[in-house]
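The values are calculated or read from the model by the stated rules, or taken from the named source; none is laboratory data. The shown structure was predicted, so the numbers you read here are calculated from the model rather than taken from an experiment. Virtual Cβ from ideal backbone geometry, glycine too; neighbours counted across all protein chains shown. Calculation scope for accessible area: heavy atoms of the full protein, side chains included, ligands and nucleic acids excluded. Shrake-Rupley method; radii C 1.70, N 1.55, O 1.52, S 1.80 Å.
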Amino acid sequence: MNAETEASNQLLGLWAIPADGSGAAVPFVIYPPGFDTNGLLFFEPPAELLEPVVAFSGRASLNVEGNEPLGLTSGGCDCPDMGFFRVYHVPNFSADVETYTFDGPTFIPVDIADYVSLDMVDNVEVLLDGQPSTVGEYTSYQQGANLIWGVGLWADRLSNGLHTIQIVTNIRTTEDTSEGSPPPLVLSNLVKTIHVTNLVSFPEWKDLVNDTSYTFKAKLKGPGYWWIDIGDAWGDYIAGGEGYSADGNVSWTWDLLDQLGNPRDSLEGDPYYDSYITFELDTAPGQFIAAAQTSRPTPIVAPAYPNVGRWIVTYLDTFYEPGTRRDIMSAGISGIAGGPAYREVPTSVIPLKYGTNDYTQAQRNDSWGTLKANMFASDARNLYYYGHGWANGIGGDLHTYSNNVVTGGTTLRGSKAFLSSQIVRDQITFNKYGGARPYRFVWLDGCSTANGDWPNAFGVNKTTNSLPWYQSITTNPSRNRPSAFVGWNQTVGGPGWGTLQAFFNCRSEWMTQWSYNWNTKTLVDALEDGRQSSNWIDSGKYWGALRVYGFSELRMNQFNQRTDWP
């Protein structure tokens, strides 16, 4: 066998994806003979790695035993006649999920190849029954000196029976996030069928209290007695109910009063409720035999909104050099922050330390830690950010250049000076441990922020909806508050994008129009007013790049108080 034949045989056993992101990942064997491989990225086909799945209990700890990350080496060969290629390992469950019976929250280790820096993993999305789901999240567990990464699957949020599960991983091949940098590599493992047999499950659970009462809904595996006990965030008992279910369905409505008759519906007083369900199942319908009681934590539920939603205005502080250009940015940021302050809405301005000449990595990381802590605070529900961005992230450590023109940003290895959409989705918007924090308004004023899953990460539908859509139980069964997301679908700035002064005048004028006319001016009208008043760029260029998702008719302070909705 000659070298070319041997190389061809090795390639036939691999999968391939166009390096420019123009096609899907498929087995290389389907490509025609003689196909030019220079434009392809190769990776190993999904492998079956048999290790036990590990259950975790409670809300704050993952109990993992004997599941060390499995490192796999990439393949490859010296194939000069076939062109250069690189092999990627597909992240996969390092456990046999198809033979495991899921009952309650479960941690499944995932093998991320040794050669991939975890900082380069932008996103690990869990698909359940073929659809993205918030009941599975990419998380980690510290076992001794080892940090094990995997998927936390909240299986008790699924109905009993068979479900399919798959993970889709986005891996950046470079720290460079500027225009023209290689797109993230999107890898998906094979679809797996899992068996879910919960003693108690919560498939109809709602994370937020969006009304003057809240209905606890659960599904027991069979008929039986049940008790629900509600505690506050500090473990003190609030209220409870009990009953018997002949068909396993549990439904009990709480009036949001504690046992003394005091209202407990304020997010400031109760950031979340810590509730448990205790039950005794019948051995058979009509043949109840007293047995040991089983108690399980329910998912976290929280009041939906603070008394007033606070604004966060944040930006990369040394994005421009000292002098006039930085003064222009500072004035623009002050103009934006002045809008909610003018309406006496609480506002926090958070400069993010940027650049290697001015700050250390630790200082940059700490400033982003401050932002993240502020974003998770229960009263924060509005965000404006200015700086570098990409489809699934914002931030960075320094600029990238071409011909002395800034083309984008880059993150340094080990940096924490950024936020990914996955961090926001799992740790803020749909947090399973400390309560959900969906945002009312977000503008990520950075390049390409409308191209990925940023809107969904903040709890905003990536569509445009009218007010009746939110008011309808049919289209909005969870009664989620109207919300909006603004972002760009391309690189913004540089040649052809007007002056810096006009750029920031546009932002200031947008907020001026929105805040001064807060009862009448819609979001899209205020954005257009900002463009016209600043004479920044023409309408076609502006609206060809700017995207507004969710409730595009949102007023500046509309639905920003607890009592505004529903």
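To the nearest 0.05, how large is the calculated FRET efficiency for residue 213 and residue 119 if R₀ is 60 Å and r is the Cβ-Cβ distance?
Between residue 213 and residue 119 the formula returns 0.85.
Which shape class, rounded, prolate or oblate, goes with the stretch 99-250 when its Cα gyration tensor gives a ≥ b ≥ c as root eigenvalues, a/c under 1.5 marks rounded, and past that a/b bigger than b/c marks prolate?
Prolate is the answer for the stretch 99-250, as a/c is 1.5 or above and a/b outweighs b/c.
Note down the net charge around residue 396, summing +1 for each Lys or Arg and -1 for each Asp or Glu among other residues with Cβ under 10 Å from its Cβ.
Neighbour charge sum, excluding residue 396 itself: -2.
Going down the list 372/432; 372/416; 353/416; 192/462; 206/432; 221/432, which pairs span over 21 Å between their C-alpha atoms?
192/462; 221/432
May I ask you to give the solvent-accessible area per residue for the stretch 453-566, in square angstrom, as obtained with a 1.4 angstrom probe?
That works out to 42 Å² for each residue.
R0 = 30 Å: FRET efficiency of residue 249 with residue 191, Cβ-based, nearest 0.05?
Efficiency, rounded to the nearest 0.05: 0.50.
Pop the C-beta distance of residue 467 and residue 361 into the FRET formula with R0 = 51 Å and round what comes out to the nearest 0.05.
That pair, residue 467 with residue 361, gives E of 0.65.
Karplus couplings for the stretch 379-391 from phi (6.51 cos²θ - 1.76 cosθ + 1.60, θ = phi - 60°), rounded to Hz, Gly and Pro as x?
8, 7, 9, 9, 9, 10, 10, 10, x, 5, x, 8, 4
Tell me, what ³J(HN,Hα) does each residue in the stretch 313-329 have, in order and in whole Hz, if you take phi through Karplus 6.51 cos²θ - 1.76 cosθ + 1.60 with θ = phi - 60° and put x for Gly and Pro?
Ordered by residue, 3J(HN,Hα) equals 10, 9, 6, 6, 6, 10, 4, 10, 6, x, x, 4, 5, 5, 5, 4, 5 Hz.
Kindly report the accessible area of the stretch 192-294 per residue (heavy atoms of protein chains, probe 1.4 Å, no ligands, DNA or RNA), in Å².
49 Å²
How large is ³J(HN,Hα), in whole Hz, for each residue of the stretch 541-553 in order, when computed from phi with the Karplus curve 6.51 cos²θ - 1.76 cosθ + 1.60 and θ = phi - 60°, using x for Gly and Pro?
These are the phi-based 3J(HN,Hα) values: 5, 5, 7, x, 10, 7, 10, 10, 10, x, 8, 5, 8 Hz.
Long-range amide H contacts for residue 40: which residues qualify at under 5 Å (H placed 1.01 Å from N, peptide plane, sequence gap of 5 or more or a different chain)?
When sequence neighbours closer than 5 places are left aside, the close amide H contacts are 19.
What part of the accessible area of the stretch 478-566, given as a whole %, is carbon or sulfur when the probe is 1.4 angstrom?
Taking all protein chains in place, the stretch 478-566 shows 41 percent carbon and sulfur surface.
Do any trypsin sites (Lys or Arg not before Pro) in the stretch 324-412 lie in a loop, going by DSSP, with at most 13 other beta-carbon atoms within 10 Å of their beta carbon, and if so which?
none
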